[in-house]
Amino acid sequence: MTDEPVISEELQGLLNVEFGPEIYEVEKGFLKKFTEAIDDPNPAWRQVTPPTFPAALVPTALLHRLFNARTPLTRLLNGASELEYLQPIKVGDVISVTSRLTRLRQMEGKEGPTLFMFTEVTCTNQRGDVAVKGKNTYVKY
Amino acid sequence: MAEQVYYEDIEAGSEIPALVKYPTTMQLVKYAGASGDYYQIHYDKDFAVANGLPGVIVHGWLTLSFLGQMLTDWLGEGGALLKLSGSYRGMNKVHEDIICNGKVTKKYVEEGKNCARVEIWAENPQGDKTVTGAAVVTLPSRG
């Protein structure tokens, strides 16, 4: 074990910085590929996106920084996800995704120090309405 | 398709019809491509084992998608999902059943809408809860 801190200055510096917007066009083929991958045959998903579709609206800029930030912890897992639906996301929508790191928490886990990284994502449609608010917790250990 | 469920039909304790899924490595590769989550623990067994995992593991988001399917199948065309959450507490391996379950914990009217809170969870064949979460839904009324 090194003395390198689990919560580095680099990670601290990302707290509450807004990333994005990243733009995703909800094309028919994009939705079809997603619903086939989750193996959900509901015909409603030809036009409207299924509940976990926001997982594919990835805030890549934030995640790239989070996952590549220097820390002695090398292993990563997804800890928890939370979605709130305000407007349906449909084929033809253009979704702007903004994201931020809201909290960092270090705990002693079974396998040594564990770092919880709490993030929030907002998906806004082309009319300016917030369609989905999401929260996700990533775990490094 | 099952018959539409109505607000009057449910009460605290009502169970949602279970859904059983059986993810394969191929499905995880498809999910990686569709979602953009190419983390190797989900398709590269050597990488997964080197990371201390028992083998390739199912994306938490994919298991939550199965729980989402269970809910939307139950809600039918007349119901809607307002909130969905899941904590990834354990790991689901490929080529094993994932059993999705749900139970109504509370029904209430809010802002004129017929709402219910639902506890949801996914189990592996050993009966361990690998994902636990909650949903808030609205249901149509017979009235």
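Hey, any hits in the stretch A:100-110 for a residue that's touching a Lys or Arg at 6+ places or on another chain (Cβ under 9 Å) and either small (Gly, Ala, Ser) or within 24 Å of residue A:64 (Cβ to Cβ) (or both)? Yes, some residue in the stretch A:100-110 is touching a Lys or Arg at 6+ places or on another chain (Cβ under 9 Å) and either small (Gly, Ala, Ser) or within 24 Å of residue A:64 (Cβ to Cβ) (or both). Only one of the listed residues (A:98, A:71) is more than 26 Å from residue B:138 (Cα to Cα) and at pLDDT 95 or above. That residue is A:98. Of the candidates A:77, A:73, the single residue that is more than 9 Å from chain B (Cβ to nearest Cβ) and among the hydrophobic types (A, V, I, L, M, F, W, C) is A:73.
Can you tell me which residue is farthest from residue B:13 (Cα to Cα) among those in the stretch B:100-135 that are β-branched (Val, Ile, Thr) and within 9 Å of the chain's Cα centre (by Cα)? It would help to see each step written out before you state the result.
Applying the first criterion (β-branched (Val, Ile, Thr)) to the stretch B:100-135 yields B:104-105, B:109, B:118, B:120, B:130-132.
Those left that are additionally within 9 Å of the chain's Cα centre (by Cα): B:120, B:131-132.
Numbers: B:120: 12, B:131: 20, B:132: 17 Å.
Here the answer is B:131.
Of everything in the stretch A:22-47 that is surrounded by fewer than 16 Cβ atoms within 10 Å (Cβ to Cβ) and in contact with a strand residue (DSSP E or B) (Cβ under 7 Å, 6 or more places away or on another chain), the residue that is nearest to the other protein chains (Cβ to nearest Cβ) is A:47.
Of everything in the stretch A:83-131, what is of a type in the set (A, V, I, L, M, F, W, C) and within 12 Å of the chain's Cα centre (by Cα)? Give them in sequence order. Across the stretch A:83-131, the qualifying residues are A:83, A:97, A:101, A:117, A:118, A:121, A:123. The one condition from (1) away from chain B (no Cβ under 12 Å); (2) without any contact (Cβ under 8 Å) to a residue 40 or more places away in the chain; (3) closer than 25 Å to residue B:51 by Cβ that residue A:104 does not meet is (2). If you check B:119, B:96, B:110 for being over 22 Å from residue A:138 (Cβ atoms) and touching a residue at least 24 places away in the same chain (Cβ under 8 Å), only one passes: B:96. For the stretch A:85-97, does any single residue satisfy the condition of being among the hydrophobic types (A, V, I, L, M, F, W, C), under 18 Å from residue B:85 (Cα atoms), assigned to a strand (DSSP E or B) and in contact with a strand residue (DSSP E or B) (Cβ under 7 Å, 6 or more places away or on another chain)? Scanning the stretch A:85-97, I find no residue that is among the hydrophobic types (A, V, I, L, M, F, W, C), under 18 Å from residue B:85 (Cα atoms), assigned to a strand (DSSP E or B) and in contact with a strand residue (DSSP E or B) (Cβ under 7 Å, 6 or more places away or on another chain), so the answer is no. Residues in the stretch A:36-78 that are outside any helix (DSSP H, G or I) and either of a type in the set (Ser, Thr, Tyr) or free of Cβ contacts under 8 Å to residues at least 24 places away in the same chain (or both): A:39, A:40, A:41, A:42, A:49, A:50, A:52, A:71, A:74.
Counting only helices (runs of 4 or more DSSP H) wholly contained in the stretch B:9-88, the ones carrying 3 or more residues that are more than 7 Å from chain A (Cβ to nearest Cβ) and touching a strand residue (DSSP E or B) at 6+ places or on another chain (Cβ under 7 Å) occupy B:60-75.
The values are calculated or read from the model by the stated rules, or taken from the named source; none is laboratory data. Bear in mind the structure is a predicted one, so any value in this text is a computation, not a measurement. All Cβ positions, even for glycine, are placed from backbone atoms using ideal geometry, and neighbour counts span all protein chains on display.
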